[in-house]
Amino acid sequence: MDLGKDLLLDMYRSMTRIRLFETKVRDLATANEIPGFVHVSIGEEASATGVCAALRKTDRITSTHRGHSHLIAKGGRLDRMMAELFGKRTGYCKGKGGSMHIVDFSLGILGANGIVGAGLPIATGSALAAIIAGTDDVTACFFGDGASNEGTFHESLNLAAVWKLPVVFVCENNGFGEFTPMQTVTSVKDIAVRAKAYDIPGHIVDGNDVLEVYRYASEAVARARAGEGPTLLECKTYRWEGHVVGEQAFLGAASYRTEQEVNEWKARCPLIRFDKFAVESGKISVADLQRIKQETEAELEAAIKFARESPLPDASEVTDDVFT
Amino acid sequence: MAVTTYIQAINQALSEELERDPLTFVMGEDVVLSAFGATKGLIDKFGPKRVRNTPIAEAGFVGAAVGAAMAGTRPICEVEFASFFYCAFDQVCNQAAKLRYMSGGQARMPITFRCVYGAMGGAAAQHSETVYAQFLSVAGLKLVVPSNPSDMKGLLKSAIRDDNPVIVFEHGALGGHREEIPAGEHLVPLGKAAVKRVGEHVTVVAIGAMVPRAMKVADRLAKENISVEVVDPRTLIPLDEDTILSSVEKTNRAVVFDEGHLRGGAATDIAALIGEKGFDFLDGPVRRVTTLDVPIPFSPPLEKAALANEARLEAAIRELVGR
């Protein structure tokens, strides 16, 4: 597989945008500048980035309640995302969706979703639309380990398999459904084996290795585009932060994982691993990485300024957009 | 003008719209062979790409219709019995209904859902329910309840061309009803009620399969010089409030006649509208004649006792007019 310099730089930029955006969002939500429920993806940057790097602009994605990473990886604008999180009129959804519901149809982003497992049939239908409309666009469907226990997971894999639809199902297994360890509520150790039940390929992927994710995703996307049907990828990863920003308020003194476990996963940081590879490969210099980081910091600062200075929606807009 | 049944009207509407727009397609449970006949023969004309049997997995295929609509096609999605929507409540109520609004108007959701509802004799509670009330308070859905073949064809065609999610409720007992329907392009707009019979003494707002029954009661009472106006709203969302209120303004009395349940039902919703906006027109309370608040029973005498019927409508009218 040809990993050219531009592709590597794009991946680095994507992961950096996610990491910096999510870190800032966590802080802004903690400071109550962002209302509502906010779920961040710090530590899970590689799965979103590696999959979206294998997609074209016209390909589509569906996402989850923890969706900022997918939207950024598919090319989402930080300023309009941030404005949406702030509930501003300039946000992607004019302030009607918020953190869990960002959509950008021009980028093929059919949306984050507040209902676990809801994206699976939507992605399946998006793939069906490509068949009906006669295009060769592929749809990638992000979901978590929790969603793999929803009926929609099973119904969607069956439907996509029986109709050979151009969809790639990407399970980001971060080990927890809210505060419940995945293995205590899931019949299998690896979600990928569930592909066997639907007679489609299933692969376990190191979800913290963006290059491995990219390789598997490229193969699955090519297979989908060639009309050979869906693939299930299970990206093993980990959520550094809690399920939701501010979860201590719900949990009190209780905890559901050890500090040691969190630290072990932090040692497998997707960005540090990528930095090491990139520099050792000789394709990218440390200066390149620093430049991208600085550019992203500036982009993020501008996005926050945009969000803060944008107007709130007017109450008169409340009845707009129910119907066309 | 050709004589057509309610089911044939559905078939004609589907065939014409599939012919008209290559981005439309039919998916659902047994649409190839077609249990009730509504989609019969479409497979021969439009092929397996556009006429698709789904697995009996409502959450999956209703959700897929949502995704297909968001991605630019126009699915016509059949859920065989309306009660099966309970298996796909998230996909209809959280996804289809809300995603346009939640995306700030970015999403278009041109889905037509078709389903058979209502009691057709001994089908028991899970295959006989009138479920449109369950969708009345979910903002973002349009609800269509055709009462005759002509409206069925014209409303269904309008639903398919609408860029919003529309559920078309087809009453199982109306399938064989026949009438002449206009030849050529026949569209009935969503949101326009029909005054099915002009009268002076009382307005009966009848929904779906209750319309022909209300007409029969009106015929009978006319012999006693009780003049009944029958209004068919045709669509519950959007609701043609003006036609309903204008009728009540004239007759000063209102009965709402619906096969749905009483509590939280469509009759209750329309009665509240009349009570709130038409209070000054009224000479008496707005009466609701609905099915009793029990699951629809299986055994014929029990089913008959539960369902809204002509005798109860007639009694309500007589009470209001004092005769």
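The values are calculated or read from the model by the stated rules, or taken from the named source; none is laboratory data. The structure displayed is predicted, hence computed values, not measured ones. Methodologically, a virtual Cβ is constructed for each residue, glycine included, from the backbone with ideal geometry; neighbour enumeration extends over all protein chains shown.
B:LYS40 passes every criterion in (1) of a type outside the set (Val, Ile, Thr); (2) outside any helix (DSSP H, G or I); (3) touching a Ser or Thr at 6+ places or on another chain (Cβ under 8 Å); (4) closer than 30 Å to B:LEU302 by Cα apart from (4).
Among the residues of region A:32-84, just one is within 14 Å of another protein chain (Cβ to nearest Cβ), under 16 Å from A:CYS235 (Cβ atoms) and aliphatic (A, V, I, L, M), namely A:ILE61. In the condition set (1) in contact (Cβ under 8 Å) with a residue 60 or more places away in the chain; (2) more than 14 Å from chain A (Cβ to nearest Cβ); (3) small (Gly, Ala, Ser), B:ALA96 is compliant with all but (2). Inspection of region A:130-138 identifies no residue that is under 17 Å from the mean Cα position of the chain (by Cα), surrounded by 21 or more Cβ atoms within 10 Å (Cβ to Cβ), facing another protein chain (nearest Cβ under 8 Å) and of a type in the set (Gly, Ala, Ser).
Give the number of residues within region B:221-244 that are under 13 Å from B:LYS192 (Cα atoms) and touching a helix residue (DSSP H, G or I) at 6+ places or on another chain (Cβ under 8 Å). Going through region B:221-244 one residue at a time, the tally reaches 10. Could you list, in sequence order, all residues of region B:280-323 that are surrounded by fewer than 14 Cβ atoms within 10 Å (Cβ to Cβ) and of a type in the set (S, T, N, Q)? Of everything in region B:280-323, just one residue is surrounded by fewer than 14 Cβ atoms within 10 Å (Cβ to Cβ) and of a type in the set (S, T, N, Q), namely B:SER299. Restrict the check to region B:52-59 and report whether at least one residue is assigned to a helix (DSSP H, G or I), at negative phi and buried (at least 23 other Cβ atoms within 10 Å of the Cβ). Yes, that holds for at least one residue. Just one residue in the set A:GLU172, A:GLU155 is charged (D, E, K, R), within 8 Å of another protein chain (Cβ to nearest Cβ) and surrounded by 24 or more Cβ atoms within 10 Å (Cβ to Cβ); that residue is A:GLU155.
Listed here are the helices (runs of 4 or more DSSP H) enclosed by region B:207-279 that have at least 2 residues being surrounded by fewer than 20 Cβ atoms within 10 Å (Cβ to Cβ), among the basic types (Lys, Arg) and in contact (Cβ under 8 Å) with a residue 24 or more places away in the chain: B:210-222. Taking the criterion of being over 17 Å from the mean Cα position of the chain (by Cα), surrounded by 15 or more Cβ atoms within 10 Å (Cβ to Cβ) and modelled with pLDDT of 95 or more, the residues of region B:180-203 that qualify are B:HIS186, B:ARG197, B:GLY199, B:HIS201, B:VAL202, B:THR203. The set of residues in region B:56-80 being of a type outside the set (A, V, I, L, M) and free of Cβ contacts under 8 Å to residues at least 60 places away in the same chain consists of B:GLU58, B:GLY60, B:PHE61, B:GLY63, B:GLY67, B:GLY72, B:THR73, B:PRO75, B:CYS77, B:GLU78, B:GLU80. In region B:64-75, is there at least one residue being of a type in the set (Val, Ile, Thr), facing another protein chain (nearest Cβ under 10 Å) and in contact with a Pro (Cβ under 9 Å, 6 or more places away or on another chain)? Yes, some residue in region B:64-75 is of a type in the set (Val, Ile, Thr), facing another protein chain (nearest Cβ under 10 Å) and in contact with a Pro (Cβ under 9 Å, 6 or more places away or on another chain).
Only one of B:VAL131, B:VAL92 is within 18 Å of the chain's Cα centre (by Cα), outside any helix (DSSP H, G or I) and not small (Gly, Ala, Ser); which?
Values: B:VAL92 fails: outside any helix (DSSP H, G or I).
Result of the check over B:VAL131, B:VAL92: B:VAL131.
Look through region A:159-169, keep the residues that are within 15 Å of B:GLY67 (Cβ to Cβ) and facing chain B (nearest Cβ under 8 Å), and return whichever of them is surrounded by the fewest Cβ atoms within 10 Å (Cβ to Cβ). Step by step, filter region A:159-169, then rank; the result is A:TRP163.
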